[in-house]
Amino acid sequence: MADGPLEIVPLTARIGAEIHGVDLTRPTHRQLEEIADALAAHQVIFFRDQHLDHDSHKAFGRAFGELAIHPGVPGLADQPEIVAIHADADSKGVAGENWHSDLTCNAEPPMGSILYIHTTPPVGGDTLFASMYAAYDALSPKMKAYLEGLTAVHDGDHVYRPLFPDLDKRYPCNTHPVVRTHPVTGRKGLFVNASYTTRIVDVSKEESDAVLGYLYAHCANPNFHVRFQWRPHSVAFWDNRCTQHLAVWDYFPATRSGFRVTVVGDKPF
Ligand code: SIN
């Protein structure tokens, strides 16, 4: 594939772009820079017709930072950085069915994740992504002032213990600002999610429940979203610091299958 400028096609004015003109098994240095810029601008970027084996998937991820090992879900036996994302007629649930940012229970939640789906169901199986910049920007000035300086607890235990009840293991639990500043763009975004965030600190449980409930309903507004329709061999790369996502399981009993790598991040501020 020629090393011309990438074609970057925004999917909405707020979030999401599809990128054409790159082979992710051998991106050039300049293309990697353009991809990093596109991720900063669009928060989640999509690629079609890619054929990533595990090595090229990991190499692409490593172009953006060290790869993380998932603290809750085991990776592949010989490649712990790679998590299989798979659902079929025997599945009792799928990964990421509720709105979430990945692993916000970690002290340093991931910078981003790169999901490669090689097998898609005949219909359905989309992933929704929500812009936490857009959600924050749409809050009233009074709500922004209220949230400024608040922190919230993000707990992995209630997410992973039901999946692996036999394991005697402690899952991460950490406190992060409710409004986070993106370390690259400097933009502010909401940083609470219905999967991991359990409690706003220093307010009553009733107040915390009410505020979190309001914020989750606010983030579910489709005006902040892009919906990605997978085709076989598509790739989604999301910036976990300013987005949430949700995998729609509307294709049972069909099969949807792929692999994910996750790039380490830093402490939210
Ligand atoms: C995930 O939450 O990482 C899974 C997303 C998907 O399967 O689309």
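The values are calculated or read from the model by the stated rules, or taken from the named source; none is laboratory data. The structure presented is a predicted model; accordingly, all values stated were derived computationally and were not measured. Note that we place each Cβ from the backbone using ideal geometry, even for glycine, and neighbour counts take in every protein chain shown. Accessible surface areas use protein heavy atoms only, side chains included; no ligands, DNA or RNA. Shrake-Rupley method; radii C 1.70, N 1.55, O 1.52, S 1.80 Å.
Summed over the range 202-218, residues that are hydrophobic (A, V, I, L, M, F, W, C) and either modelled with pLDDT under 95 or under 23 Å from R161 (Cα atoms) (or both) total 1.
Restricting attention to the range 70-80, report how many residues are more than 14 Å from the ligand (Cβ to nearest atom), surrounded by 14 or more Cβ atoms within 10 Å (Cβ to Cβ) and not in a strand (DSSP E or B). Number of matching residues: 1. For the range 160-189, filtered to residues that are basic (K, R) and either within 15 Å of N106 (Cβ to Cβ) or part of a loop (DSSP other than H, G, I, E, B) (or both), the residue that is most open to solvent (accessible area, probe 1.4 Å) is R170.
Considered as a group, the residues in the range 94-124 that are part of a loop (DSSP other than H, G, I, E, B) and touching a Ser or Thr at 6+ places or on another chain (Cβ under 6 Å) include one that is farthest from H182 (Cα to Cα), and that residue is N98.
Of the numbered criteria (1) in contact (Cβ under 8 Å) with a residue 24 or more places away in the chain; (2) of a type in the set (D, E, K, R); (3) away from the ligand (no atom under 16 Å from the Cβ); (4) more than 17 Å from G265 (Cα to Cα), the one K58 fails is (4). Take L212 and tell me if it is away from the ligand (no atom under 16 Å from the Cβ), open to solvent by less than 20 Å² (accessible area, probe 1.4 Å) and touching a Cys at 6+ places or on another chain (Cβ under 7 Å). Criteria not met by L212.
Taking I8 as the residue in question, decide whether it is part of a helix (DSSP H, G or I), more than 16 Å from the ligand (Cβ to nearest atom) and surrounded by 13 or more Cβ atoms within 10 Å (Cβ to Cβ). So I8 fails the test.
Take A134 and decide whether it is in contact (Cβ under 8 Å) with a residue 12 or more places away in the chain, away from the ligand (no atom under 11 Å from the Cβ), crowded, with 16+ Cβ neighbours inside 10 Å and not hydroxyl-bearing (S, T, Y). Spelling it out, A134 is indeed in contact (Cβ under 8 Å) with a residue 12 or more places away in the chain, away from the ligand (no atom under 11 Å from the Cβ), crowded, with 16+ Cβ neighbours inside 10 Å and not hydroxyl-bearing (S, T, Y). Residues in the range 16-25: is at least one without any contact (Cβ under 8 Å) to a residue 12 or more places away in the chain, open to solvent by 40 Å² or more (accessible area, probe 1.4 Å) and not in a loop (DSSP other than H, G, I, E, B)? No, the conditions are met nowhere in the range 16-25. With respect to the conditions (1) within 16 Å of the ligand (Cβ to nearest atom); (2) buried (at least 17 other Cβ atoms within 10 Å of the Cβ); (3) under 23 Å from G61 (Cα atoms), G156 lacks only one, and its number is (3).
Taking S208 as the residue in question, decide whether it is of a type in the set (S, T, Y), within 24 Å of L139 (Cβ to Cβ) and under 16 Å from the mean Cα position of the chain (by Cα). The answer is no for S208.
One residue stands out in the range 84-104 among those that are within 15 Å of the ligand (Cβ to nearest atom), of a type outside the set (S, T, Y) and over 14 Å from the mean Cα position of the chain (by Cα): the one that is most open to solvent (accessible area, probe 1.4 Å), namely H86.
As an exercise: evaluate I114 against (1) away from the ligand (no atom under 12 Å from the Cβ); (2) touching a residue at least 12 places away in the same chain (Cβ under 8 Å) and give the number of the one condition it does not meet. Only one criterion is unmet by I114, namely (1). Just so you know, in the range 40-51 the residues that are buried (at least 22 other Cβ atoms within 10 Å of the Cβ) and of a type in the set (A, V, I, L, M, F, W, C) include one that is nearest to the chain's Cα centre (by Cα), and it is V44.
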